[in-house]
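The structure appears below as structure tokens.
The values are calculated or read from the model by the stated rules, or taken from the named source; none is laboratory data. The structure presented is a predicted model; accordingly, all values stated were derived computationally and were not measured. Cβ: placed from backbone, ideal geometry, glycine included. Neighbour counts: every protein chain shown. Just so you know, the surface numbers come from the protein's heavy atoms only, side chains and all, with ligands and any DNA or RNA stripped out. Shrake-Rupley method; radii C 1.70, N 1.55, O 1.52, S 1.80 Å.
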Amino acid sequence: MLPQNIFKKYLKFRLYLFVVFCFSCISVHAQSIENIDSLLIDRNLENYSVRLFSNFKVKKFSIKDGNSKAKFVPNNRYGLGFGVASKKFIIDLAFNIKNPNKEETKRFDLQATTIVKKQHYVNAFIQTYKGFNAKSDFDVPTVFRSDIRSVTFGVNYLYTFDEVAFSYSQLKAGLAEKRNKNMYITGGLGFFGVFDYFSAKPSLFDEETSIYFNEDANVKRYRGGALGLLAGFVSYFKLPENITATFNFMPGIALMNKKVTLQDDSYRPSNPMLYKIDFNIGLGYSIDRYYVSLTYGNGYYTTDFDNDNDYFFNLSNAKLAIGYKLKRKKKE
């Protein structure tokens, strides 16, 4: 009962955790009413736009034992929505697209990235999923498992050596930035934390799949918490024809406290290491009062379950937005 209670608590407070995180970020840098005003409020109507977008979000995981690999992938990964953007914030509301011919994955997936006070890159995510397609690289049919649950949340923080001379909000909102340089790159150091959990009833593998793995790979429940170091760089490129681009790359390494529960036993893997690679790509194009922005990000994590069993999970998101600015920019 304890793991189910843990899952329900995380499910119940997922919105609460994200709100707390957002207000914590604001409180660190907002030392007065004037600072809050300058951080959040943009009074120039030229910087505002309305937008339509399509997005893609997914958390998937896999277990590999020697030459055998089983993957667990959710359904209804796409969404459509609308929003409002400005120089200082973007508010998007998405509706998950459900395929009537496929079984539904019950999900909540919230991922956000921002740069605060020019030198603080922050990325946060909260994800809860129930229902995965069980796939394999051998001759076993794909089946949908409504009993498989997953909870993942975490934060990445990078302090850059130089001030970041561009804004993600401006790129995503189709706003041109005045600068002398057409290329900007800076590195940084930071930390990250992540909690990851999954469970299945009675276990991840059915009878057909389990024969391809050793006994310790057929996990009933897993949870792990990690804290580690992060390094990497963020970059900005101003290209011809009103095109802007960004590329960020951030590898990390952490110590992870893991517990694996089997049907008749449980153990803590001897190797405490967790390795990860994050990258984000962004493209923006603007002409007159219209703009298009495309962003894609992926976080890839791996750790060892012992007994030749490796565990992988990755968090992906993409968004294509088309916007219309509320007021034409005055010619200089």
Criterion first (surrounded by fewer than 17 Cβ atoms within 10 Å (Cβ to Cβ) and either at pLDDT 95 or above or on the phi > 0 side of the Ramachandran plot (or both)) does residue 162 satisfy it?
no
Hey, does the stretch 190-203 have a residue that's open to solvent by less than 50 Å² (accessible area, probe 1.4 Å), more than 30 Å from residue 147 (Cβ to Cβ) and either modelled with pLDDT under 95 or of a type in the set (A, V, I, L, M) (or both)?
no
Somewhere in the stretch 274-297, is a residue at pLDDT 95 or above, over 22 Å from residue 78 (Cα atoms) and surrounded by fewer than 14 Cβ atoms within 10 Å (Cβ to Cβ)?
no
Residue hits (the stretch 195-236; in contact (Cβ under 8 Å) with a residue 40 or more places away in the chain and assigned to a helix (DSSP H, G or I)) are 208, 209, 215, 216, 217
Any idea which of (1) farther than 29 Å from residue 65 by Cβ; (2) of a type in the set (S, T, N, Q); (3) surrounded by 16 or more Cβ atoms within 10 Å (Cβ to Cβ) is the one residue 242 doesn't satisfy?
(3)
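Got at least one residue in the stretch 113-129 being over 20 Å from the mean Cα position of the chain (by Cα), modelled with pLDDT of 90 or more and either under 30 Å from residue 235 (Cα atoms) or not aromatic (Phe, Trp, Tyr) (or both)? Please lay out each step first, then the result.
As a first pass, look at the stretch 113-129 and keep what is over 20 Å from the mean Cα position of the chain (by Cα): 117-119.
Keeping just the survivors that are modelled with pLDDT of 90 or more gives none.
No.
Can you find, within the stretch 298-323, the residue that is most open to solvent (accessible area, probe 1.4 Å) among those that are small (Gly, Ala, Ser) and under 23 Å from residue 50 (Cα atoms)?
Initially, the stretch 298-323 is screened for residues small (Gly, Ala, Ser), giving 299, 316, 318, 321, 323.
Keeping just the survivors that are under 23 Å from residue 50 (Cα atoms) gives 318, 321, 323.
Numbers: 318: 25, 321: 0, 323: 2 Å².
Once the filter is applied, the top-ranked residue is 318.
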Looking only at the stretch 115-143, which residues are among the aromatic types (Phe, Trp, Tyr) and surrounded by fewer than 17 Cβ atoms within 10 Å (Cβ to Cβ)?
138
Residue check, residue 211 in contact with a Ser or Thr (Cβ under 7 Å, 6 or more places away or on another chain) and open to solvent by 80 Å² or more (accessible area, probe 1.4 Å):
no
Residues of the stretch 258-273 satisfying the condition of being open to solvent by 50 Å² or more (accessible area, probe 1.4 Å) and assigned to a strand (DSSP E or B)
259, 266
Would you pick out the residues in the stretch 239-271 that are closer than 30 Å to residue 309 by Cα and hydrophobic (A, V, I, L, M, F, W, C)?
249, 250, 253, 254, 255, 256, 260, 262
